[in-house]
Amino acid sequence: MQITYEQLTEFFEDTDEDIVEAFVQPLNDTFEEFEINTPKRIAMFLAQVGHESAGLKARKENLNYSADGLKKIFPKYFRTVNAADYARKPEKIANRVYANRMGNGDEKSGDGWKYRGRGYLMLTGRELYQQAGDALGLDLVNNPDMVLDPKIAARTAIWYWQNKVSKRIPDFSKTNVRDVTKHINPAMQGIKQRQAQHAKIAQR
């Protein structure tokens, strides 16, 4: 099953046409390779990608948070430090909130920033960069910015989908957006927008 340029421009109507065009072929190539080949699976995938990437417009994580935003979104990491010292400092924020987990080193290692979210489903953490790179034959650990390329962003997104989502939800005809979102964003951020995007795509 193939997705057309015309369909994607309808799904992501606020996105520049050149961005959509760059996504079509890598997406279809990757769908075929990983057998994302039913309307329900494709609709759910595109709804999640659409939200995570702001309609394909963002292929890297925005960590430019205010102090209040940090305390709201990452409360456990700012209980013992002054959030104002980190506010509007994306690199410093990433190195704190992603330290000592997901295969990353400590805050001083810089791994949090190096392996911050990239791609259409925001591949995050050294461990996932290693796993995705090994599976796709790419050295993403030493070259994490490769994931910003539309072709590689598509491949890593569907690799993540296939390995971290589909294996846990084998039958998409018996699930919903909330169940799927738990495996992509456990905090359930943007759940209403994800549901709305899915409804829009699924009806076409």
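The values are calculated or read from the model by the stated rules, or taken from the named source; none is laboratory data. Predicted, not measured: the structure shown is a model, and the values here were computed from it. Don't worry about glycine lacking a Cβ; one is built from the backbone with ideal geometry, like all the others, and counts go over all protein chains shown. Ligands, DNA and RNA are excluded from the accessible area calculation, which covers all protein heavy atoms including side chains. Shrake-Rupley method; radii C 1.70, N 1.55, O 1.52, S 1.80 Å.
Given the structure, is residue 150 open to solvent by 10 Å² or more (accessible area, probe 1.4 Å) and at pLDDT below 95? Taking the combined requirement at face value, the residue satisfies it.
Candidates in the range 142-152 are the residues that are closer than 17 Å to residue 60 by Cβ and in a loop (DSSP other than H, G, I, E, B); of these, the one that is farthest from the chain's Cα centre (by Cα) is 143.
The set of residues in the range 7-53 being of a type in the set (D, E, K, R) and closer than 18 Å to residue 199 by Cα consists of 10, 13, 14, 40, 41, 52. Of all residues assigned to the range 53-67, none qualifies as being surrounded by 14 or more Cβ atoms within 10 Å (Cβ to Cβ), of a type outside the set (A, V, I, L, M), without any contact (Cβ under 8 Å) to a residue 24 or more places away in the chain and in contact with an Asp or Glu (Cβ under 9 Å, 6 or more places away or on another chain). Taking each residue of the range 161-174 that is more than 14 Å from residue 35 (Cβ to Cβ) and open to solvent by 20 Å² or more (accessible area, probe 1.4 Å) and looking for partners that are in a helix (DSSP H, G or I) and modelled with pLDDT of 85 or more with beta-carbon atoms closer than 7 Å, six or more apart or interchain, yields 173/40.
Only a single criterion out of (1) open to solvent by less than 80 Å² (accessible area, probe 1.4 Å); (2) in a helix (DSSP H, G or I); (3) closer than 21 Å to residue 49 by Cα is not satisfied by residue 93, namely (3).
Do the conditions hold for residue 199, that is, is it free of Cβ contacts under 8 Å to residues at least 40 places away in the same chain and within 22 Å of residue 8 (Cα to Cα)? So residue 199 fits the description; yes. Note on the range 131-141: among residues that are over 20 Å from residue 185 (Cα atoms) and assigned to a helix (DSSP H, G or I), the one that is most open to solvent (accessible area, probe 1.4 Å) is 134.
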